[in-house]
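Everything on this sheet refers to the single structure shown next.
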Amino acid sequence: MKREEFLKKSLSGLGMFSILPLMSACEKANISTDTTETTSDVTGSTNGSSASDCSVTNSETEGPFPIKDPASLVKADIAGDRSGVKLTVNLTIKNKNANCNAVENLLVDIWHCDAKGEYSEYGGTGMQSTNWTAAHWLRGRQTTDANGLADFTSIFPGWYSGRAPHIHVHIFTAAGKSLLVTQIAFPKTVCDTVYTTATDYKSHGTQNTTNEKDNVFSDGYANELCSISGNNTDGYILNHTIVVSA
């Protein structure tokens with residue numbers, strides 16, 4: 001079964017929530033050094049900017065490649081040995097039930113595919129032929145600080161057929177209670193720049209699915225769209241606010 005077929009079936013059969021697993025260390029990142037100097041600066045969602053603009057961020061499916069053991073992947077640099085354009089991910093978590101104030105000491109797990117659209121911890125099946133079951137790159141856990149911020153160093157995610165580019169996020173209380181599973185959407189203009197000009201992405205080309213046509217985002221992604229700035233040479237900085245009900 002192909003990945004996009006799995007997603008369609010999981011969404012129709014399981015609703016917006018799927019599996020709930022979560023995993024161990026990597027090597028150093030190999031970041032692209034492209035000479036493309038075009039700078040992108042795209043503003044995404046403003047949700048969470050104030051108590052009057054503070055709806056809970058959309059919940060989404062966790063599968064089909066969730067982290068298997070997140071407690072073993074407590075680290076900020078999640079790039080491992082994956083080549084790609086550097087991406088700094090800054091996530092701010094706010095609480096709808098507390099006047100949209102930032103929340104400290106929450107556990108934030110993220111994971112995403114590499115430049116070729118493949119995931120670690122999985123593979124060797126029809127959904128992903130390459131076997132990466134012994135690898136754990138592009139997965140990690142951080143704890144929010146006093147400003148509700150959890151940040152990661154990664155690479156710009158690639159894409160795979162049937163899905164728009166995205167990052168998965170699962171947020172827990174310090175005690176391990178699940179608060180929200182969601183996904184981060186990317187502006188198409190930035191993706192087009194990376195996928196057509198950056199060394200590790202050009203051979204794969206541009207994504208074949210837009211946010212609007214994506215099975216996960218097609219019902220609306222206004223509060224899941226990240227703000228992003230940067231270029232292929234210096235890397236990109238992603239800023240995004242996620243609102244939970246805690």
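Any read-out appearing in this document is the output of simple, stated calculations on the displayed coordinates, not a laboratory observation. If you're wondering where the values come from, they're calculated on a predicted model, not measured in any experiment. As a convention, Cβ positions derive from the backbone with ideal geometry for all residues, glycine included, and neighbour counts pool all protein chains shown.
Each principal axis of the Cα atoms in region 91-149 has its own extent, and those three values, largest first, are 46, 17, 17 angstrom.
Region 68-107 and region 123-139 have Cα centres lying 22 Å from one another. Could you tell me which of rounded, prolate or oblate describes region 104-221, using a ≥ b ≥ c as the square roots of the eigenvalues of the alpha-carbon gyration tensor, with rounded for a/c under 1.5 and, failing that, prolate when a/b is larger than b/c and oblate otherwise? Prolate, since a/c reaches 1.5 and a/b exceeds b/c. Between the beta carbons of Asp192 and Asn90, assuming R0 = 35 Å, the FRET efficiency works out to 0.95 to the nearest 0.05.
Put a dot 7 Å past the Cα of Asp69, heading toward its Cβ, do the same for Ser229, and the two dots end up 4.0 nm apart.
Overall shape: rounded for region 3-244, with the ratio a/c of the largest to smallest alpha carbon gyration tensor axis below 1.5. In terms of the mean number of neighbouring beta-carbon atoms within 10 Å, the peptides 225-231, 171-177 order highest first as 225-231, 171-177. Taking 0.36 nm per residue of separation and subtracting the Cα-Cα distance, full extension of the segment from Asn97 to Ala175 would add 26.2 nm.
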